[in-house]
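The values are calculated or read from the model by the stated rules, or taken from the named source; none is laboratory data. Since this is a predicted model, take the numbers as computed values, not measurements. Please note: Cβ atoms are built from the backbone with ideal geometry, for glycine as well, and neighbour counts cover all protein chains shown.
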Amino acid sequence: MEQLGGLNDATRNQEFTMGSSPSDYTFGGILGTQEINTRASIYRPGGRVSFSGTNTNYSWRAMGTQASGMSKSGWAYVISASRRWAKEGYFEGTDYSANSFFASIEKKLNEKQSLNFTAIYAQNSRGKSSPNSKEVNDLMGVKYNSYWGYQDGRKRNSRDKDVEEPIFILSHYWKITDKTNLNTNASYQFGSVGNSRIDYQGGNNPDPTYYKNLPSYYLNYHAYVNDVPVWQPNEAQAAIAKDYFLSHSQIDWTAMYQANQNSGNPGQSIYALYEDRTDDKMFNANSLLSSQLSNNIVLNAGVTFKKLKSHNFQNLLDLLGGQFFLDIDPFIQEIHHNLTLITRTDRLKWVTNMVTITTFSARTTKVLHNLNSLTLNSISTWHNLSRDQSMKEKVCIKTVSTQAILSGKAKARFLKTLVSKADLPTKSTVGII
């Protein structure tokens, strides 16, 4: 939920459903649903400003929220903004910077209809921490992070995560009768998620915790005698490896710059910094009807449409003093997609994959006896998955599902009958939650 980070005041109005229980806002699923209501008129009027400190991913957070409530002229608004930051979080070298903004405005058209627009922007940039083995933690402590190193006197993390995916939502609320409501929503989300890392060609692995750099590599050494592995630990070499690791426990940015400047092929970078990027554009629309047909029957029905266009690629960030980088698989010496030279101006690197997913779903639900008896679900889903021309793949999937779910007192009665009679047909399927 990084797209909502830092907006605690604005996103606290949440509802949950378990399993495939019906929901007033979306279709249920095997893992249930979670809904965050951003309708401006439901927020308690007033303002709130807070400043807090912590010792987790970030050190400080400043946040302010203002809600107007519904005015006599039929307008309501909510505005919330926050900033979270840390020069260094709990783990070494984990810098943190996040800015979040939320705005929701509602216009009451008449006594039965309202229109609401919501905008959410939550930018986040943070340095990651490395997963360490027990051996590394015993040598360096639990706060040790191998992803950073000093460059020009400052800590630089090689594994940054950058998220920037704003969301815009337009909602229409219609109270058709006292017992029937229709909610229609459309949303658009776009932006990018990037995860950086170091790549290298023809050089040593720059990770200080690379297995050959640790003492255990030499303590676990085996030699073959008559084709039988014999454990022959090298205590002396393990001690040398330990001393070297303790004195070279962080990434050496200076050494990588020097290696690039002194490479055998002038201008070629042996080391380069890139990011795995995902650029998404997603459109959602749904319309949900809820009606109290009688004291014991509630009808939920609706349709939803989703279209996702996802561009996945690797983006060159820093040649670390070089002029170009060779994209060659070191294991099979294969040039990826005939892209041999990557320069400072090249945006795309390695595999480019465009995926488009279109989903249409329709669902009807009847709930009998206020969820104490039987829930009947009928769900139809169409998926259309297509890739770019290089992938040459297109898949269409249609799913139709019918469920009968017992809950509450009806479940107890059913189980009692099942135990006493045990006469269900062999092909019956009954879900019990």
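A few points about this structure:
- Leu293 meets the conditions (1) more than 31 Å from the chain's Cα centre (by Cα); (2) at pLDDT below 85 in every case but one. The failed one is (2).
- Some residue of the stretch 130-143 being touching a residue at least 24 places away in the same chain (Cβ under 8 Å) and assigned to a strand (DSSP E or B): no
- Residues located in the stretch 229-273, provided they are within 29 Å of Glu135 (Cα to Cα) and in a strand (DSSP E or B): Pro229, Val230, Trp231, Tyr271, Ala272, Leu273
- Where Met354 falls short, out of the listed (1) at pLDDT below 65; (2) on the phi > 0 side of the Ramachandran plot: (2)
- Per-region count, the stretch 193-225, residues surrounded by 15 or more Cβ atoms within 10 Å (Cβ to Cβ), outside the structural domain of Tyr274 (by TED's automatic domain parsing) and of a type in the set (A, V, I, L, M, F, W, C): 2
- Matching residues in the stretch 151-179 - criterion: being under 24 Å from Ser104 (Cα atoms) and out of contact with any Leu (no Cβ under 7 Å at 6 or more places or on another chain): Val163, Glu164, Glu165, Pro166, Ile167, Phe168, Ile169, Leu170, Ser171, Tyr173, Lys175
- Scan the stretch 76-102 for residues that are over 21 Å from the mean Cα position of the chain (by Cα), assigned to a strand (DSSP E or B) and free of Cβ contacts under 8 Å to residues at least 60 places away in the same chain and the total you get is 5.
- When residues of the stretch 31-56 are limited to those that are modelled with pLDDT under 90 and either in contact with a Gly (Cβ under 6 Å, 6 or more places away or on another chain) or over 26 Å from Arg83 (Cβ atoms) (or both), the one surrounded by the fewest Cβ atoms within 10 Å (Cβ to Cβ): Leu31
- Contact annotation: residue pairs with Cβ atoms under 8 Å, 6 or more positions apart or on different chains, pairing a residue in the stretch 218-244 that is modelled with pLDDT under 95 with a partner that is among the β-branched types (Val, Ile, Thr), are His222/Val230; Ala223/Val230; Tyr224/Val230.
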